[in-house]
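Following: one structure in structure tokens, then a few remarks.
The values are calculated or read from the model by the stated rules, or taken from the named source; none is laboratory data. As the structure is a prediction and not an experimental result, all values here were calculated from the model. Cβ coordinates were reconstructed from backbone atoms using ideal geometry, including for glycine residues, and neighbour counts include every protein chain displayed.
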Amino acid sequence: MEACTITYTNWMNSKWRSEQVGAMEYYNWEMPNVLIIYNLNSSCHQGSVPVIAVNATLPEYFQAMIKFAAKYHLRLVIKITGSDILARSTAPRSFLLWLHYMENMTLISQYSSCGSANVTNVVRLGAGVQWGGTGGFLQGGSHSLLSSWKGLGVDQVLQYDVVTVDGQRKIVSQCQNSDLFYALSGGVGEASNEALYATLIRDFVRFLPKLAEGGWVRYISMGDHKISMKYIWPNGNPNVGNATFSEFQNNNTDFVFLAKTTAFIPSFYEAYKLALTPSDPTGYNMLLGS
Ligand SMILES: Cc1cc2nc3c(=O)[nH]c(=O)nc-3n(C[C@H](O)[C@H](O)[C@H](O)COP(=O)(O)OP(=O)(O)OC[C@H]3O[C@@H](n4cnc5c(N)ncnc54)[C@H](O)[C@@H]3O)c2cc1C
């Protein structure tokens, strides 16, 4: 069958897409200039995808490719499934490390982790085991239907076999290269900024209904481990307002509250001038907004 017809037939087949070296699960990240899904008679072109790929089947490929990409200043991208909805596994004119065929799975009936008690029935997964095995799944959330019972996928990891950006291969666990282990596990532990930021977001989201019920309107921005909030309560009571925010602050003593200012403003026009007109800048990175 001709390539265009094969593509047309399988356009919405996620398994087929994951088996194509340059494809993503969602075509907006491939940016083909003609969509054959709408017109089979149109001519096919390569989309905005990596121009060359290595079908990596051994960890040594990782090391060689990372060094090669650094030496020749190539843009390196890594892909298992192409599921990344922010397209971090593709880039036009890039050099692709494709892990699709590193799909070994080995059952280890008894495993000793960091000298602690044996763990039974551990699975060693190759870097390309897909649909919820390694790579982006672990680094990007790894939630599942069982998460409320068993936790996130990343919480189950005992050990990683890692190639770092300088091309070195490292075993990473709670007792070996433990800083890297904490980072790869999403930054568990008290010392981690990521964990603290996750707590801040969680507590803040829990706090939102209380503010909404109280009649507050808001402008919020999040980034760089900070939340900036501008809350306005039309016809509100400043004492109640202060008490509400103090409660949030008192319940979250781990966070650094850089500035907390409340003001009673006698008219809407004054509030508008104070809160909205001084600066409403644009021209920076913005991902999601209202
Ligand atoms: C239909 C669908 C359903 C989904 N369901 C869930 C779900 O139930 N739970 C959930 O948590 N997520 C879910 N996701 C999100 C998915 O887990 C993420 O998109 C995840 O990033 C996919 O990981 P991947 O490695 O397979 O994808 P890719 O797109 O291949 O890679 C994602 C990212 O990981 C990087 N990466 C992959 N492997 C490596 C590696 N070995 N070393 C370094 N970087 C690597 C890539 O460079 C890229 O940045 C779903 C996505 C889709 C499209």
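Looking only at the stretch 70-93, filter to residues that are in a loop (DSSP other than H, G, I, E, B) and buried (at least 19 other Cβ atoms within 10 Å of the Cβ); which one of those is farthest from the ligand (Cβ to nearest atom)?
By that ranking, first place goes to Thr90.
Name the single residue, out of those in the stretch 105-126 being over 22 Å from Ala183 (Cα atoms) and touching a residue at least 24 places away in the same chain (Cβ under 8 Å), that is farthest from the ligand (Cβ to nearest atom).
Applying the filter and picking the extreme gives Val119.
Is it true that some residue in the stretch 134-141 is in the same structural domain as Asn177 (by TED's automatic domain parsing) and over 17 Å from Asp161 (Cα atoms)?
So the first thing to find is which residues in the stretch 134-141 are in the same structural domain as Asn177 (by TED's automatic domain parsing), and the list is 134-141.
Cutting the leftovers down to over 17 Å from Asp161 (Cα atoms) gives us 140-141.
Yes, the stretch 134-141 contains at least one residue that is in the same structural domain as Asn177 (by TED's automatic domain parsing) and over 17 Å from Asp161 (Cα atoms).
Restrict the check to the stretch 50-62 and report whether at least one residue is within 11 Å of the ligand (Cβ to nearest atom) and part of a strand (DSSP E or B).
The answer is no; no qualifying residue exists.
Can Gly132 be described as surrounded by 13 or more Cβ atoms within 10 Å (Cβ to Cβ) and more than 24 Å from Met12 (Cα to Cα)? Quick ask: steps written out before the conclusion?
Values: surrounded by 13 or more Cβ atoms within 10 Å (Cβ to Cβ): yes; more than 24 Å from Met12 (Cα to Cα): no.
Spelling it out, it is not the case that Gly132 is surrounded by 13 or more Cβ atoms within 10 Å (Cβ to Cβ) and more than 24 Å from Met12 (Cα to Cα).
When you look at Met229, is it more than 27 Å from Ala183 (Cβ to Cβ), aliphatic (A, V, I, L, M) and either under 28 Å from the mean Cα position of the chain (by Cα) or surrounded by 12 or more Cβ atoms within 10 Å (Cβ to Cβ) (or both), yes or no?
Against the criterion (more than 27 Å from Ala183 (Cβ to Cβ), aliphatic (A, V, I, L, M) and either under 28 Å from the mean Cα position of the chain (by Cα) or surrounded by 12 or more Cβ atoms within 10 Å (Cβ to Cβ) (or both)), Met229 qualifies.
Residue-wise test of (1) in the same structural domain as Phe257 (by TED's automatic domain parsing); (2) in contact with a Leu (Cβ under 9 Å, 6 or more places away or on another chain); (3) modelled with pLDDT under 80; (4) not charged (D, E, K, R).
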{"position": "Tyr197", "(1), (2), (3), (4)": "yes, no, yes, yes"}
{"position": "Leu200", "(1), (2), (3), (4)": "yes, no, yes, yes"}
{"position": "Arg206", "(1), (2), (3), (4)": "yes, no, no, no"}
{"position": "Lys210", "(1), (2), (3), (4)": "yes, no, no, no"}
{"position": "Arg218", "(1), (2), (3), (4)": "yes, yes, yes, no"}
{"position": "Ser221", "(1), (2), (3), (4)": "yes, no, yes, yes"}
{"position": "Lys226", "(1), (2), (3), (4)": "yes, yes, yes, no"}
{"position": "Lys230", "(1), (2), (3), (4)": "yes, yes, yes, no"}
{"position": "Asn235", "(1), (2), (3), (4)": "yes, no, no, yes"}
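Quick one: in the stretch 127-164, which of the residues that are modelled with pLDDT of 90 or more and part of a loop (DSSP other than H, G, I, E, B) is nearest to the ligand (Cβ to nearest atom)?
Going through the qualifying residues, I end up with Ala127.
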